[in-house]
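Working notes, beginning with the structure itself.
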Amino acid sequence: MDIKKIGKQIKNLRIKNDLTLDDLAHRSGLSKGFLSQLERGLTYPALDNFYDILEALGTDFSMFFRDNKDTQKIYTKEDYSVKENDDYKIEWLVLNAQKNDSEPIKLTLNPRSSSFIVEPFEGEHFIYSLKGKVSIVYGNETFEINKGETFYSVADKSVSLLEKNGGKPEVLWITTPPYF
């Protein structure tokens, strides 16, 4: 890939992530002028600077240089990343979702437990109950959904999930843009 293509791809990722040159400069620790020259294909980055830029854009070398035709379309259980504690289990269903427009997780709550709190951000929540009944704390309000029901909102208030009935509910939780 030549330097003009690299610069163009960096610019496209920056715009896709809704970042200004100032934002990217702040996140990567590089100057706005250098990043502007790079995006226009006028300079080459040192390897460590390139790594910092890609990290600030939510990607890595392998994803950056991967041909879009080869981007993974199907994810199996073997691909999922899982985190489990006493209250819940999170399964990240799509690897490296930070580069996408949305991020899905499957969250399973243990009986009489709560999830982590998602602080307000510019985006949206979509929560679909796959199994059981779950309470959704949205700011100062609480909503309940049962299997097959959906909660959808802008992300202007904090959100967390509660299990109050001794069950083990499972939800599909999608944020746009990626949050988890």
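The values are calculated or read from the model by the stated rules, or taken from the named source; none is laboratory data. Quick caveat, the model's predicted, so the values are computed rather than measured. When we count neighbours, we look across all protein chains shown, and the Cβ atoms used for this are built from the backbone with ideal geometry, even at glycine.
For this structure, a couple of remarks:
- Test: L93 is surrounded by 12 or more Cβ atoms within 10 Å (Cβ to Cβ) and either in contact with a Gly (Cβ under 6 Å, 6 or more places away or on another chain) or at pLDDT below 95 (or both): yes
- Meets criteria (β-branched (V, I, T), surrounded by 14 or more Cβ atoms within 10 Å (Cβ to Cβ) and at pLDDT below 95) for T43: yes
This table checks each residue for (1) more than 26 Å from L57 (Cα to Cα); (2) at pLDDT 95 or above; (3) not assigned by TED's automatic domain parsing to the domain that holds L57.
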position: E103; (1), (2), (3): no, no, yes
position: G132; (1), (2), (3): yes, yes, yes
position: G139; (1), (2), (3): yes, yes, yes
position: D156; (1), (2), (3): no, yes, yes
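- Just one of the listed residues (L54, L35, L95) is more than 15 Å from V171 (Cβ to Cβ), more than 20 Å from the chain's Cα centre (by Cα) and not in a strand (DSSP E or B), and it is L35.
- Of the candidates S135, S129, the single residue that is in contact with a Pro (Cβ under 8 Å, 6 or more places away or on another chain), part of a strand (DSSP E or B) and surrounded by 16 or more Cβ atoms within 10 Å (Cβ to Cβ) is S129.
- Among the residues of the range 115-149, just one is over 24 Å from K83 (Cβ atoms) and within 20 Å of the chain's Cα centre (by Cα), namely E122.
- Members of the range 143-180 found to be farther than 12 Å from F121 by Cα, touching a residue at least 60 places away in the same chain (Cβ under 8 Å) and of a type in the set (V, I, T), listed by number: V171, I174
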